[in-house]
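Note sheet for the following structure.
No lab work stands behind these numbers, since they all come straight from the coordinates. This is a predicted model, so every value here is computed, not measured. Note: ideal-geometry Cβ built from the backbone for every residue, glycine included; neighbour counts use all protein chains shown.
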Amino acid sequence: MTGKRLRRAAYHLLAAGGAFLMVYPVIWLFMSSFKPSELIFVTAGKLIPDPWIWDNYVTGWKGIGGLHFGIFIKNSLVLVVLATIGAVLSSALVAFGFARLKFKGNKFWFAVMMMTLMLPFEVALVPQYILFAKLGWLNSIKPIVVPAYFGAPFFIFLMIQFIRSIPSELDEAATIDGCGKFRLFWQIIVPLIMPAMATAAIFSFYWRWEDLLGPLLYLNRPSSYPVSMALKMYLDAETISNWGAMFAMSVVSLIPVLIVFFLFQRQIVEGISTSGLKG
């Protein structure tokens, strides 16, 4: 009995230690946001700020070039909301087609879709850029938002597993009552796959919020920059970088992510555990 308690105590200590190591960079970032810029790296080994200042948040929120940081948060929210809506709805529709509709080449196109899931993003980067340039979409949010409306392979795979767990008898009963395919999808399947759709929406929110490469390639006007690009503006290789303001606004940019996580963590767990994606 004593050995079992010791193993349990050792397990909890290791888990707590691992959790602390993972959270420590965020704690260091938060504490450093209250230090003067010139002391952040000089006192990097000292966690508690001395002196403790709030000016970094005031300066950071004022922004750069006459653009306050609230504009960048608004730009990020517009990108995230539009891209998330498109990714979730289109992925659900494609997943319904693969999971429920019988058509020629179903398995072949599913394999092609899974191959795109394993395809590195960099492989399609240059062709996409050339295509969007010819369409005249550069310096707009279209190259970032529009592709989301063609489905995301990971979300499609997740929802396919969820839809396959739904009894097909529901489809047959709805069809007997005169329900068409689209009505079957919208009124029967969608309400049942809400946990998987919520999981996809949360992951899409995270990925779009922290995306840097897309805005870096396609957005040229500072007034259209999202948060990820705005944070880079506080650092300048030719002049003095305002590390304090950058750290402070990094903490501010984490607030929406933390809010979404704590509000919807139950949906994340439920969506993954019921979609066949458990480890």
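List of remarks:
- For the peptides 200-207, 213-220, 73-80, 101-108, the ranking by packing is 200-207, 73-80, 213-220, 101-108, with the highest mean count of neighbouring Cβ atoms within 10 Å listed first.
- Across 102/142; 74/142; 104/134, pairs whose alpha-carbon gap is larger than 24 Å: 102/142; 104/134
- Within the chain, helix-based [θ] at 222 nm, where runs of 4 or more DSSP H residues each add -39,500 (n - 2.57), nearest 500: -21000 deg cm²/dmol
- Protection proxy ranking, peptides 112-118, 5-11, 64-70, average beta carbon neighbours within 10 Å, highest first: 64-70, 112-118, 5-11
- For the chain, averaging the sequence separation of C-alpha pairs within contact (under 8 Å, six or more residues apart) and dividing by the residue count gives a relative contact order of 30 percent.
- Net charge of neighbours whose Cβ lies under 14 Å from the Cβ of residue 166, counting Lys and Arg as +1 and Asp and Glu as -1: -1
- Burial order of peptide ranges 255-264, 183-192 (average beta-carbon count within 10 Å, highest first): 183-192, 255-264
- Computed from Cα atoms, the angle from the helix 106-118 axis to the main principal axis of the chain rounds to 10 degrees.
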